[in-house]
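The values are calculated or read from the model by the stated rules, or taken from the named source; none is laboratory data. Bear in mind the structure is a predicted one, so any value in this text is a computation, not a measurement. Note that each Cβ is placed from the backbone with ideal geometry, even for glycine, and that neighbours are counted across all protein chains shown. Protein only, heavy atoms only, side chains kept; ligands, DNA and RNA dropped before computing areas. Shrake-Rupley method; radii C 1.70, N 1.55, O 1.52, S 1.80 Å.
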Amino acid sequence: MGILIRVVVVDDHAVVRGGVARILERAGDLTLAGEAADGPTALALVRSVVHDVVILDLDMPGGGLGLIERILEVSPGEQVLVFSQHAERDFALRCLEAGALGYLNKESGFETIEAAIRRVAAGRRFLSDAGQDVLLDQATGRGPGRAPHERLSSRELEIVRLLARGVRNADIAAQLGISVKTVSTHRTNALEKLGLASNVDLALYAREHGLI
């Protein structure tokens, strides 16, 4: 057996954490270093546990794109692999821009998950074939037309997703470490870019486009 790769798993669903743990055990050279079900616990864990890779879900309390940035703030050099239910088209590039090294859809098979963990642990980027196609389409202007939410900044998208879940402006501000006024400004800009009028419209849009 080669070097053991120690993995922290961050996901609010116990069945997902358990499934990843079984994949690690199956691989032989991968092991579970710790697990968390929300953002604050994840931040505490990466400070206190020796590990090589963080596998991170986007959709959980205190999670999202901002959690990638906060993990890197408290622990620079972290190797983060996002493990998400969302399509690569909507989030892969944004996660890489936030500092993640890889993006993996939860429908991936065991071998792909193992390969992604090993690649990220080595400090190399990982995207599935579908994810690479998406990035090439975006870079060349080919592929399907851009959805309205693709014009949002990463911060605007993060706030749209939180508002669509019913999170209050003050709670969003506390979670993202910004002012309530800044949250309101991003909300206004997002509504304008999407051609929407209210938080209800945002929620409907987010569900329709698979953003939550």
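A few notes on this one:
- Failed criterion for Ala122 (all others in (1) touching a Lys or Arg at 6+ places or on another chain (Cβ under 9 Å); (2) of a type in the set (A, V, I, L, M); (3) surrounded by fewer than 19 Cβ atoms within 10 Å (Cβ to Cβ) hold): (1)
- Among (1) surrounded by 13 or more Cβ atoms within 10 Å (Cβ to Cβ); (2) among the charged types (D, E, K, R); (3) in contact with a helix residue (DSSP H, G or I) (Cβ under 7 Å, 6 or more places away or on another chain); (4) closer than 30 Å to Arg168 by Cβ - the single one Arg151 does not satisfy: (1)
- In the condition set (1) among the hydrophobic types (A, V, I, L, M, F, W, C); (2) free of Cβ contacts under 8 Å to residues at least 12 places away in the same chain; (3) out of contact with any strand residue (DSSP E or B) (no Cβ under 8 Å at 6 or more places or on another chain), Phe110 is compliant with all but (2).
- Residue among Leu56, Leu43, Leu96 that alone is within 20 Å of Ile212 (Cβ to Cβ), open to solvent by less than 40 Å² (accessible area, probe 1.4 Å) and touching a helix residue (DSSP H, G or I) at 6+ places or on another chain (Cβ under 9 Å): Leu56
- Scope the range 148-202; condition outside any helix (DSSP H, G or I), aliphatic (A, V, I, L, M) and within 13 Å of Gly66 (Cβ to Cβ); matching residues: Val167, Ile178
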